[in-house]
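Engineer: Following this message is one structure expressed as structure tokens.
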Amino acid sequence: MSVINELIAHNRAYVDRHGHREMATSPQLHLAVLTCMDSRLDLFGALGLNLGEAHLIRNAGGLATDDAVRSLLLSQWLLGTRVVMVIHHTRCGLETFDEEELANDIEASLGARPPFRLGAYRDVDDDVRRTVETLRSSPFVDSTEIRGFVFSVDDGDLREILN
């Protein structure tokens, strides 16, 4: 059985357990979280979140890319979020490569260079600060409350990074 078929079977069991329920579109906590796509981050469990309470915006590294800013803009303007958490994490894959070298390898293999930043960094605390500052300086993000954190993938600890 393929992985996708297994997931579809799990979904059928989920539907049987949960049935139909109507939930509001706007997150109850008025919270949006920009974080990494890493599969080791269980932010619902680690933060005590429930379905319907927050928007999770995920990409490689939890970077403030144009698309992440677009998602935050829509989250804030259309769905009422006002608080933003930026959560990066320890032992991220973006700490493991050189940006220029990987871009060169991709270009040599595919015949095209990525037109976007890959996001490599060396210092997770500094990258959180840069991401928070990018969001705060964006004219498209309400910067009333934006705070940055590093999540430990080893023990689940959340450490705030002050600017």
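Engineer: What do you reckon, is ASP67 assigned to a helix (DSSP H, G or I) and among the acidic types (Asp, Glu)?
Structural biologist: Yes: the conditions hold for ASP67.
Engineer: Just the residues that are touching a helix residue (DSSP H, G or I) at 6+ places or on another chain (Cβ under 6 Å) and farther than 17 Å from LEU73 by Cβ, please, taken from the range 47-62.
Structural biologist: GLY61
Engineer: In addition: Determine whether ARG40 is surrounded by fewer than 18 Cβ atoms within 10 Å (Cβ to Cβ), of a type in the set (Lys, Arg), farther than 16 Å from VAL153 by Cα and touching a residue at least 40 places away in the same chain (Cβ under 8 Å).
Structural biologist: no
Engineer: Whether any residue in the range 44-54 is of a type in the set (Phe, Trp, Tyr), free of Cβ contacts under 8 Å to residues at least 24 places away in the same chain and more than 17 Å from VAL141 (Cα to Cα) is what I want to check.
Structural biologist: yes
Engineer: Can you tell me which residue among VAL141, VAL153 is touching a Lys or Arg at 6+ places or on another chain (Cβ under 7 Å), in a loop (DSSP other than H, G, I, E, B) and in contact (Cβ under 8 Å) with a residue 40 or more places away in the chain?
Structural biologist: Only one candidate qualifies: VAL153.
Engineer: In the range 82-98, how many residues are crowded, with 20+ Cβ neighbours inside 10 Å and part of a loop (DSSP other than H, G, I, E, B)?
Structural biologist: Total meeting the criteria: 1.
Engineer: List every residue pair whose Cβ atoms sit under 7 Å apart, with the two residues 6 or more apart in sequence or on different chains, where the first one lies in the range 112-127 and is modelled with pLDDT of 95 or more and the second, anywhere, is assigned to a loop (DSSP other than H, G, I, E, B).
Structural biologist: GLY119/LEU63; ALA120/PHE97; ALA120/ASP98; VAL124/THR90; VAL124/CYS92; ASP127/TYR121
Residues checked against (1) within 25 Å of ASP123 (Cβ to Cβ); (2) modelled with pLDDT under 95; (3) among the β-branched types (Val, Ile, Thr):
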residue	(1), (2), (3)
MET1	no, yes, no
VAL15	no, yes, yes
MET23	no, yes, no
ARG40	yes, no, no
GLY61	yes, no, no
ALA68	yes, no, no
LEU73	no, no, no
THR81	no, no, yes
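Engineer: Same structure again: For the range 139-152, enumerate the residues that are farther than 13 Å from HIS88 by Cβ and either surrounded by 16 or more Cβ atoms within 10 Å (Cβ to Cβ) or of a type in the set (Val, Ile, Thr) (or both).
Structural biologist: VAL141, ASP142, THR144, ILE146
Engineer: Still on this model: Would you confirm whether or not the range 74-95 contains a residue that is over 21 Å from GLY148 (Cα atoms), of a type in the set (Gly, Ala, Ser) and out of contact with any helix residue (DSSP H, G or I) (no Cβ under 9 Å at 6 or more places or on another chain)?
Structural biologist: Within the range 74-95, not a single residue is over 21 Å from GLY148 (Cα atoms), of a type in the set (Gly, Ala, Ser) and out of contact with any helix residue (DSSP H, G or I) (no Cβ under 9 Å at 6 or more places or on another chain).
Engineer: While we're looking at this one, here's another question. Loosely packed, with under 14 Cβ neighbours inside 10 Å and outside any helix (DSSP H, G or I) - does that describe any residue in the range 121-138?
Structural biologist: There is at least one residue in the range 121-138 that is loosely packed, with under 14 Cβ neighbours inside 10 Å and outside any helix (DSSP H, G or I).
The values are calculated or read from the model by the stated rules, or taken from the named source; none is laboratory data. None of the values given here were measured: they were computed from a predicted structure. In this analysis, Cβ positions are derived from the backbone assuming ideal geometry, glycine residues included, and neighbour counts consider all displayed protein chains.
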